[in-house]
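Reading through the structure tokens given below for one structure.
The values are calculated or read from the model by the stated rules, or taken from the named source; none is laboratory data. Nothing here was measured: the structure is a model prediction, and the numbers come from that model. Positions of Cβ are backbone-derived with ideal geometry, glycine not excepted, and every protein chain shown enters the neighbour counts. Accessible surface is based on the protein model in full, side chains and every heavy atom, while ligands, DNA and RNA are left aside. Shrake-Rupley method; radii C 1.70, N 1.55, O 1.52, S 1.80 Å.
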Amino acid sequence: AKGSWAQGEFTATPYAARLSRAPHLQGETVTALVRFSNASGDPEAHDADRDGRGMAIKLRWDGGETDILTTTSPTFVSRTPEEFLELMLLRRPDPATGQPDMEKLGAYFAEHPESVPAVQAVLMKEPIASFATAEYFSPHAFGLVDADGNRAWVRYHLPPEAGEQRLGDDDAKALGRDYLHEE
């Protein structure tokens, strides 16, 4: 897969501590190791391709760590790991044509109509201008447990501080194959 690493810091908002007793959500600054990636799994993919992007975050503090996975699609493309693997295998290009078998992909989406909104969310939007100006969503819900033992189900939504920014297809292509990762 194609990815780039960054390191930084994470500080949860005061509201997070009301929802969870997790150490990384109490307002103290913790180390963040972040991996930005292209969803295609092709290390040679052009960053201008209309495809999902991912941001995986490993938060580390004294005595522990946790992982957060997010994507640029507001919905996830499959319901089960098995369906996801099936779709990823169908997306692999045929060595003879360099393209996936569109007939087989069409059959998959006919059998899994719940997957279509996730694909549309990615294909209908222009390429992102930067990993830093992309909007990220958790693919599933997380159960946060507060100090009193109450559980709240949440999905992460990480909007960029500078707002979401996208580029026209031609403008993104002109920046070069690795413009997101070079930035």
Treating only Lys and Arg (+1) and Asp and Glu (-1) as charged, each at its beta carbon, one finds that segment 66-166 has a dipole about its Cα centre, in Debye to the nearest 20, of 120
Whole-Å distance linking the alpha carbon centroid of segment 95-135 with that of segment 4-32 is 32
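List nothing, just return the count: lysine pairs in the chain, 8 or more apart or interchain, with Cα separation under 22 Å. Present the calculation step by step, with values, prior to reporting the outcome.
Values: K2/K58; K2/K125; K2/K173; K125/K173.
Number of lysine pairs found: 4.
Might you report the magnitude of the Cβ-based charge dipole of segment 21-112 about its Cα centre, with Lys and Arg at +1 and Asp and Glu at -1, to the nearest 20 debye?
Values: 10 positive and 16 negative charges, 70 e Å.
The calculated dipole for segment 21-112 is roughly 340 debye.
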In whole Hz, the Karplus estimates of ³J(HN,Hα) for segment 161-166 (6.51, -1.76, 1.60; θ = phi - 60°; x where Gly or Pro) are 4, 7, x, 6, 10, 10
Summing +1 per Lys or Arg and -1 per Asp or Glu among the other residues with Cβ less than 10 Å from L33's Cβ gives +1
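Enter the accessible area per residue of segment 1-75 (Å², integer; probe 1.4 Å; all protein chains in place). Display every interim value, and only then the final one.
Details: 4030 Å² over 75 residues.
I get 54 Å² per residue for segment 1-75.
Please label the shape of segment 1-118 as rounded, prolate or oblate, based on the square roots a ≥ b ≥ c of the eigenvalues of the alpha-carbon gyration tensor (a/c under 1.5 means rounded; beyond that, a/b larger than b/c means prolate, else oblate). Each step should come with its number before you reach the end.
On the way: a/c = 3.25, a/b = 2.00, b/c = 1.63.
Cα axes put segment 1-118 in the prolate bin.
From the square roots a ≥ b ≥ c of the eigenvalues of the alpha-carbon gyration tensor of segment 61-149, which class results: rounded (a/c under 1.5), prolate (a/b over b/c), or oblate? Show your work: numbers first, answer last.
Working: a/c = 2.20, a/b = 1.80, b/c = 1.22.
Cα axes put segment 61-149 in the prolate bin.
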Given Cβ charges of +1 for Lys and Arg and -1 for Asp and Glu, the option among P160, G41, V122 whose Cα lies farthest towards the positive end of the dipole of the chain is P160
What helix-only [θ] at 222 nm does the chain give? Using -39500 (n - 2.57) per DSSP H run of at least 4, over all residues, to the nearest 500, the answer is -6500 deg cm²/dmol
Carbon/sulfur accessible area of the chain, % of total, 1.4 Å probe, equals 54
